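Report on the following structure.
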Amino acid sequence: MDIKLTAEIKEFIKNHLQDDVTKLILQAKKYPEIPINFVALQIQARQKLKQKLPEWTDNENITYISALSTEQSSSEITAKFKAKLVSGNLLIDLTGGMGVDIAYMSKSFEKAIYLEQNEDLKTTTEQNFEVLGLNKIQCFNLNSVEFLRSFGEGDSFLEETNFNLILNPSPAEKDLILSEFSPSQQEKGSGDEVNNISLIPQKTIIYLDPARRNEQGGKVVLLQDCEPNILEIKDLLFQKADRILLKTSPMLDIDLAVNSLQSVSKVWVVAVDNEVKELLFLIEKNHQQEPELLAVNLSSKLKRSPIFSFKKSEETNAEIEYSLPKKYLYEPNAALMKVGAFKSIALKYSLKKIHPNSHLYTSELLVNDFAGRVFEIKSVESLDKKKLLPFLPEKKANISVRNFPLSVRQIREKIGVQDGGSVYLIATTNSENQKIVLVCEKV
């Protein structure tokens, strides 16, 4: 892409930021001096990313190259979360894309490498990094697998002008590279003597977010269907780093992934405002213990987002109590549901479960810090229009179902109410296998 964000173009974007881009393109003849297709892309990207990437969209000097790269980019809030999970000497991002993740994660590293096969995307992202003042990241238009196969000799010497020396160094060039090796990345013996020079930094982390679309453009979920296929290159990754951070689809089955990947030490289920956005797997060389499972629900409205942690064996062996609904009802957030902490939740918050398969919890005393929605139960009824309507004077209700044979639409039609209002009807099954409707108000 050779079009630049000139002062004139930036002013045009600013003045038309709320416009319908389709109409704007049709009116291209009105603006002969403006590259309207390029500008429309910039406006559309800023419109779509306003909530997702506010720090980027607020910067008028950031350039966007395609609708697909903006659609597939991480959000600012999830990228900042990942930045808190890892740190070290060198971060290698094998699947660069728009570069949001490495932009935030690189701040915890001495150096970072961004790899992207699309040359235009690489060039644009590199320019954006300069705009953002991210001088630790070096960008390369290379295939990640080919890079890894060559990577290893003097890999801490990351000046782009000398990158060919790293790929195919001659014996003399190896000496040059090693002479430039950062002292902080050497294993020192007594005094000034340097023993066992490590050609790979002590804390190298490889990050990858494999493409989840097939050749036809359809979405895929399974690890073996993504590009690159980590199951095929994991041994190669471990030749270059001891730790790998993998981002996957939120739809991926966690148990299946753990069994396929092996050596997984941690799994994070990351939700934003109660919608699961991504799964993160930390894979560590030679790790043999069962992984720690963690769930977090991020929100820009909260200063802190507690992380719920447990292990699968703890969940399996947990013994909990079941009870008919008491005064308060608890519905876990989406991250807890995805990670499968169904019995661990009851133990952590001293709650009783309503039914083994309902995944709703109850207590007589209020638990204020529960990770999810909390309701006060006003009444327990059957699905009977005559019994429920007295609680719904406006004939409105927020209806949800858990372990119940009818859908929300069917219940709404059966009792004749519209969506909305302050009353919540939660249709479920209790510990005595009775089908009930809990009439609730949100706490």
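Quick note: the coordinates plus some simple rules give every number you see, no bench work behind them. These figures come from a predicted structure and were not determined experimentally. Note that we place each Cβ from the backbone using ideal geometry, even for glycine, and neighbour counts take in every protein chain shown.
Here the residues Leu298, Leu256, ranked from fewest to most Cβ neighbours within 10 Å of their Cβ, fall in the order Leu256, Leu298. Between Thr316 and Asn433, the modelled label-to-label distance comes to 2.7 nm, taking each label 7 Å out from Cα in the direction of the beta carbon.
In the chain, Cα pairs under 8 Å separated by at least six residues give a relative contact order of 8 percent. Among Lys312, Lys277, Lys29, the largest mean-square fluctuation in a Gaussian network model of the chain (Cα springs under 10 Å) belongs to Lys29. With everything on Cα atoms, drop me the angle between helix 230-240 and the longest principal axis of the chain, reported from 0 to 90° to the nearest 10. For 230-240 against the chain, the angle is about 50 degrees.
Cross-linked pairs Lys240/Lys343; Lys82/Lys312; Lys10/Lys122; Lys107/Lys234: Cα-Cα separations exceed 30 Å for Lys240/Lys343.
Note on His355, His16: ascending count of other Cβ atoms within 10 Å places them as His16, His355, the fewest first.
The charge dipole of region 318-442, taken about its Cα centre with unit charges on the Cβ atoms of Lys, Arg (+1), Asp and Glu (-1) only, comes to about 300 debye.
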